[in-house]
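Below is one structure, written out as structure tokens; the observations come after it.
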Amino acid sequence: MLERTIAFWSVQVCAVAMTCAVWSDEVPDDYLPGTWGIGGTEACGGAGTEHITFDPEGTFEVVQAGKATAVGFWHLVEDVLDLHMVSSPAFFDDPVTDFDDPLSNFAGQYQYFYAKALLFDLEPDGFRAVATMGDMLRGANYGRCP
């Protein structure tokens, strides 16, 4: 009987500890608002770099080389970021690779996209994220811009 009681309470204590560990990974409500350089803090000053600005009211804008590439709404629950956006598929064409070159044919056409990102390694001046959008999975470092 004593062994069952100990086993029962051990499971309860473990469940509470796991819950506390999950809560410690939550992103504070005031963490995201501001401008972030995609690629890290060194991306904040470059002319051709990409930035994302999260507005406290729940909107965001992605800008590359001074040109808006996506706009939309963001929603953060714990460490999961939902992004609802309007963008052109042409902006998702990676110039380094050639497998997605057909995306450049969509220049000037805009569509709705949904992306979900998991935020981790949160620091005051940066974080890392892995995001899915459709069948794409990508990761990036983000650095807070001054």
### Qualifying residues in the stretch 62-74 (those that are closer than 22 Å to ASN141 by Cβ and at pLDDT 95 or above) - the one farthest from the chain's Cα centre (by Cα)
GLY72
### Query
How many residues are over 24 Å from GLU42 (Cβ atoms) and outside any strand (DSSP E or B) if we restrict to the stretch 105-146?
8
### Message
Can you find a residue that is closer than 21 Å to VAL27 by Cα, in contact with a Pro (Cβ under 7 Å, 6 or more places away or on another chain) and at pLDDT 85 or above anywhere in the stretch 125-139?
### Response
no
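The values are calculated or read from the model by the stated rules, or taken from the named source; none is laboratory data. If you're wondering where the values come from, they're calculated on a predicted model, not measured in any experiment. Reconstructed Cβ throughout: ideal geometry from the backbone, glycine too, with neighbour counts over all protein chains shown.
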